[in-house]
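Read the structure below first, then the notes.
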């Protein structure tokens, strides 16, 4: 059974909404990618920030008032009218909400705990439910009075890709008729410090596939999708998942687990590697990820253009899968341009040479987007025009 994407939105360092994102994406410009000490006092790092004013949640229940939920609402507001149109006549118990996140309200928690240490109580503006991984999904469900299946997914950098897959499974099962799926993550000191501790953070703009690459730029953002079984202009024709459990923070260098996910997506979509027109790489610009992924692409026989968009958005962690799926949808519904691969052009001689996307016209009809997470959790999505 085919699952269709009807409407989608994205708010990220690339811009606020689809049109800003489209313009900046294909121009290779990222307004929000900037050097700052905001999340790493004493050390300037290049991070992907959403600097736009976000919706006010002061009227919402305290448990929902987090910057993470503000960012989610910013993306959802862009498609809210479409949601009400699509959901007209559908029982609220037949609507599902699945949102992936790896930080949820941690940034708000970071401000609350120092206050607790001094005052022996949390500030009146904080509720522990703000930081639950299910908070974003619960927030949207309460806002929309949805009584169907609602859950959050937190599997590190595959969280929101798995939310999209989970939504597709719910539709295929017949349990629901409409799904809001996506992801959101906001910057916080916790994640910046964590990735710094494992020496995975680059102080400058990340440089995927380059011999000079030195790590990731952490970013923030949100993307949401309206999905159903009713025909639309873009279909989610295939997906694959695997969990190889090779290492807590490093991918299997052979690409074995990642290949399982990619091959599963190809099989479901009834596509061969030669029928994929573009691949949005996970492309984190770490030594290990780029080595594994470039070998994977070559070993599985892909010849199509590829690019990493993380040098434009930063690595948005739990939101990466949804943001890059939205970028893939823009690639399908645009004027034929491919997302550019922003790097210094210095090919790593230890990596296979891939067909790096350029800014020329390509007219892609079938695209793949891959995400690989800590713990060996792997996802692959195939999207195509109908």
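The values are calculated or read from the model by the stated rules, or taken from the named source; none is laboratory data. All values derive from a computational prediction rather than experimental measurement. With ideal geometry, Cβ positions are generated from the backbone for all residues, glycine too; neighbour counts draw on all protein chains shown.
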- Item | Members of segment 318-349 found to be surrounded by fewer than 24 Cβ atoms within 10 Å (Cβ to Cβ) and in contact with a helix residue (DSSP H, G or I) (Cβ under 7 Å, 6 or more places away or on another chain), listed by number | 330, 334, 337, 342, 343
- Of the conditions (1) surrounded by fewer than 24 Cβ atoms within 10 Å (Cβ to Cβ); (2) within 16 Å of the chain's Cα centre (by Cα); (3) closer than 15 Å to residue 380 by Cβ, residue 156 fails just one. Which one is it? (3)
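So how many residues does segment 260-293 have that are over 27 Å from residue 202 (Cβ atoms) and either touching a helix residue (DSSP H, G or I) at 6+ places or on another chain (Cβ under 8 Å) or part of a loop (DSSP other than H, G, I, E, B) (or both)? Outline the logic, then answer.
As a first pass, look at segment 260-293 and keep what is over 27 Å from residue 202 (Cβ atoms): 260, 263-277.
With either touching a helix residue (DSSP H, G or I) at 6+ places or on another chain (Cβ under 8 Å) or part of a loop (DSSP other than H, G, I, E, B) (or both) added as a condition, the list becomes 266, 270-273, 276-277.
Summing the residues that are over 27 Å from residue 202 (Cβ atoms) and either touching a helix residue (DSSP H, G or I) at 6+ places or on another chain (Cβ under 8 Å) or part of a loop (DSSP other than H, G, I, E, B) (or both) in segment 260-293 gives 7.
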- Message: What pairs come out if I take residues in segment 183-198 that are at positive phi and assigned to a helix (DSSP H, G or I) and pair them with residues that are at pLDDT 95 or above and surrounded by 18 or more Cβ atoms within 10 Å (Cβ to Cβ) whose C-beta lies under 6 Å away, six or more apart or interchain?
- Response: none
- Assess whether residue 174 counts as being on the phi > 0 side of the Ramachandran plot and out of contact with any helix residue (DSSP H, G or I) (no Cβ under 7 Å at 6 or more places or on another chain). yes
- Query: For segment 65-99, which residues satisfy the criterion of being over 22 Å from the mean Cα position of the chain (by Cα) and closer than 19 Å to residue 16 by Cβ?
  - Reply: 81
- Task: Give segment 232-258 a look and list any residue that's in contact with a strand residue (DSSP E or B) (Cβ under 6 Å, 6 or more places away or on another chain) and in a loop (DSSP other than H, G, I, E, B), or say none.
- Result: 232, 251
- Item | Filter result (surrounded by fewer than 18 Cβ atoms within 10 Å (Cβ to Cβ) and outside any helix (DSSP H, G or I)) within segment 107-133 | 120, 121, 122, 123, 124, 125
- Item | Residues satisfying the stated conditions in segment 85-102, i.e. in a helix (DSSP H, G or I), in contact with a helix residue (DSSP H, G or I) (Cβ under 9 Å, 6 or more places away or on another chain) and either buried (at least 24 other Cβ atoms within 10 Å of the Cβ) or without any contact (Cβ under 8 Å) to a residue 60 or more places away in the chain (or both) | 92
